[in-house]
Amino acid sequence: MSIQLSPGVSISEIDLTTVVPSSIATVGAFAGNATWGPGNTFYTVDSETTLVSVFGEPNSNTYLDFFTAADFLAYSNNLQFVRALSPNTFNATANTSGPSIQIPNEEIYSTEYMLLDNQNKYGPFVARYAGALGNSIKIDVFDSSDVNAFSNWEFSGFFNGPPSTSSHVLNSGGANDEFHMVITDANGAISGSKGTILEIYPFMSKSSNAIDDNGISTFYKNVLLSKSQYIYSVDPIDYANTKSTWGSTSTTNFARTSVANTTFVLSGGVDAPLTDADYIAAFSKFANKTLIDVGLVLTAAASTTLQQYIIDNIVTPTGSLVGRSGDSMAFISPPYNAVVNQPGMEVSNIRAWNNALNRNSSYVFVDSGWKYIYDKYNNVYRYVPLNGDTAGLCVFTDAIADPWYSIAGLNRGAIKNAVKLAWNPNQTQRDQLYQMGINPVVSFPGQGTILFGDKTFVSKPSAFDRINVRRLFITLEKFISLSAQYSLFEFNDDFTRAQFVSMVTPYLRSVQGKRGITDFLVVCDSTNNTPQVIDNNQFVGSIFIKPARSINFIQLNFVAVATGVQFSVVTGAV
């Protein structure tokens, strides 16, 4: 209560409505190979259509990663994708005699190439993304105010007259800043049709501070940076003659290029194969939970080395709580040569791979193999691993139920887009897989392809050997830890401790009401916040959980009973 010096009414508001905030538990995380798109940076993909438009259609080098991502997106609309790049993957450039260059993403271009004088090393244009696809890009620049020359330009019909001087530059005392640009697909590698017009840019300005009537920059480097999907601009277009004027302020009388229409065809773009080190560099971006919130890590056809890295450094917490500190799970498939065209050898092959992997973690979910799909982009059938689907089933389960429900079985475990399985394990083989912590995917006649197991990748029996329990605790820990941050820098007294209990208890009660837990207890008082704890500026809240368990085994007893026998007599005997 505030102190008043004269009579009056004092009003104050006290906020006791602190609640447990929601968190993103079903966002996918994947680092993969692609023919196009930004590299070494996060990109949110919401559909297969977006995946294609940003990162290109799959080819023989990228299809495994592409379809793993696409399979996950069949269940989800939120995948954080990092395009992995080899150091030997290069952007196509306009300077055929210049050095190779890799500009992986917009941040690198903006800080290292956009406004610097690159001494014409790379020419005026660089493909926006690394890879051979950029070699199909052609840029036509028209930089003349002559009407006759403009009428003879093949693209003149797309513009309202020749370029001249923009209003902003004219009013500033400058001249000749405007030019037109057309970007086409010279070889048809991008669009599928040679000569397809990709982008048109009318009346761009050479002036670094030129703006239109709405106050938006018309400086060509800014326009291309904000709008183009295909190129960046590096050096001036006519470097030798216009180096001193292109990029100057609006008071400049800008020089025109020596030829009215100048054409540039990009070349030197290279797709290099990825190594484990390249994949690790890309996946490592997910290791820092403060940078991005994800919950489901896809692994595609990762090598054993890469699988070990992901398990050890991203999803599994250690004593020092490195990586994501146990807030996500990795989804893994056995290698292609373990289950594809290996009749009778699948279990022994998987066992050998399992021994080589040599890992044990409840933050890992392993399926039994690969599925056969139709690749509509290349009109072929292909085998792809199933971990994109099993991760996707988590998203599907969360949408129709909650994270603490099992993702397996006929109700929630249906695998999409499977023509057939590379291997359909029988009951004996399923038993052998389950003992190794590997979850069978099975095709049942008339019922489709079904995930038929919900074990995590741990060897010792515990509550955490089931994915529904592991994801329950990930959800609880993630949600409650976010809310507990509001207790930081408060006093460790009865009020703060009671506030914490009153915040957590309703949330746990709601989880209990949704069948996630059978019972719980929250302890946050003087018994665990001792004077020593308080003096160390610490705060302890102990949360005891009894998780609900999924049914893995059903025993059905059908008993024939004589006509004259009462059911009450025999029910306890079977």
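Here are a few things to note about the model shown:
- The number of residues in region 53-88 that are under 24 Å from residue 102 (Cα atoms), touching a Ser or Thr at 6+ places or on another chain (Cβ under 8 Å) and in a helix (DSSP H, G or I) comes to 1.
- The residue that is modelled with the highest pLDDT, among those in region 527-551 that are closer than 17 Å to residue 494 by Cβ and touching a helix residue (DSSP H, G or I) at 6+ places or on another chain (Cβ under 8 Å), is 529.
- Hits in region 503-538 - residues which are surrounded by fewer than 14 Cβ atoms within 10 Å (Cβ to Cβ) and of a type in the set (Gly, Ala, Ser): 510, 513, 526
- Among all residues of region 417-437, there is at least one that is in contact (Cβ under 8 Å) with a residue 40 or more places away in the chain, surrounded by fewer than 24 Cβ atoms within 10 Å (Cβ to Cβ) and of a type in the set (Val, Ile, Thr).
- Selected residue (only one of 368, 303, 348 is under 17 Å from residue 68 (Cα atoms), modelled with pLDDT of 95 or more, surrounded by fewer than 18 Cβ atoms within 10 Å (Cβ to Cβ) and not assigned by TED's automatic domain parsing to the domain that holds residue 155): 303
- In region 211-267, the residues that are assigned to a loop (DSSP other than H, G, I, E, B) and among the small types (Gly, Ala, Ser): 215, 228, 244, 247, 248, 250, 255, 258, 260
The values are calculated or read from the model by the stated rules, or taken from the named source; none is laboratory data. Here the structure is a predicted model, which is why all the values come from computation and not from measurement. Heads up, the Cβs are rebuilt from the backbone with ideal geometry, glycines too, and the neighbour counts pull from every protein chain shown.
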